[in-house]
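What follows is one structure encoded as structure tokens, with my remarks underneath.
FYI, it's all coordinate maths here, none of it is from the lab. Everything quoted here is computed from the prediction, not taken from an experiment. Heads up, the Cβs are rebuilt from the backbone with ideal geometry, glycines too, and the neighbour counts pull from every protein chain shown.
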Amino acid sequence: MTKVRALLLCGGKASRFGSDKLLATLDGQPLVAHSVRHLLAGAGNALAVIPAGSTALKRALEDAGCDVLESGDCVRGMGASLAAGVKASADAHGWIVALGDMPFVNPMTIATIVDRIGKGVMIAAPVYQGVRGHPVGFSRALKDELAALDADEGARSVIALHRNELEAVLVTDAGVNADVDTPADLAKPKGAWPCCN
């Protein structure tokens, strides 16, 4: 059996941003490159799920060292994207699901979630100051439920069904709740963002 597979969901429409936010520049690199770098450092692998035909995004991800799955399912939403990623890595020991627009998650947080799944936890999620964040880890035992997801709800239904088996991993990493939604977010001074370097 293979390792825990890190899935990076990159299929959102970015309607509030006004353009492809994943390619917006952050510290001289595409925003999504930071997400990839931290996922690779924490999980040792990364598979991005992107809409079919997203040539520039695919190039940026591959340049950052990420595997890429182009899927027409992305148009149906986050749940469909997640399901596509799980189906494409069906032999994995489990999955850690990260979001492309969250570039500030500390690699140590990712590594901790991967470790919990590797040790048999059903679901593991980071919690910062009482708020659950991303990325979330899922056991291989949930493969069929994850692969059946659709539309835009992500894995909320799976988490709700197994809430008693969810391990909250307390972290000091504010990046687990920091996503980029608007150009104004990127215009913030560097010190205003949680730092994970």
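Annotation for the range 98-190: trypsin sites (Lys or Arg not before Pro) lying in DSSP loop with at most 14 further Cβ atoms inside 10 Å of their Cβ are LYS119. Rounded to the nearest 20 debye, the dipole size of the chain about its Cα centre is 180 debye, using +1 on the Cβ of Lys and Arg and -1 on the Cβ of Asp and Glu. The relative contact order of the range 1-138, computed from alpha carbon pairs under 8 Å that lie at least 6 residues apart in sequence, is 31 percent. For the chain, the tally of Lys pairs with Cα-Cα distances below 24 Å comes to 15, considering only residues 8 or more apart or on different chains. Annotation: amide H-H contacts under 5 Å for LEU99 (H modelled 1.01 Å from N, sequence separation of 5 or more, or interchain): LEU9.
Sparsely packed loop sites in the range 132-168 (the GluC sites (Glu not before Pro) outside DSSP H, G, I, E and B with at most 16 other Cβ atoms within 10 Å) comprise GLU153. With a cut-off of 13 Å between beta carbons, the residues surrounding GLY44 carry a summed charge of +1, where Lys and Arg count +1 and Asp and Glu -1.
Sorted ascending by nearby beta carbons within 10 Å, beginning with the fewest, LEU8, LEU149, LEU170 become LEU170, LEU149, LEU8.
Here's the picture: charge each Lys and Arg Cβ at +1 and each Asp and Glu Cβ at -1 in the range 4-186, and of ALA48, GLY130, GLY28 the one pushed furthest to the positive end of that dipole is GLY130. Let me know the shape class of the chain, please: from the alpha-carbon gyration tensor, a ≥ b ≥ c as square roots of the eigenvalues, rounded when a/c is under 1.5, otherwise prolate if a/b is greater than b/c, or oblate. Oblate is the answer for the chain, as a/c is 1.5 or above yet b/c matches or exceeds a/b.
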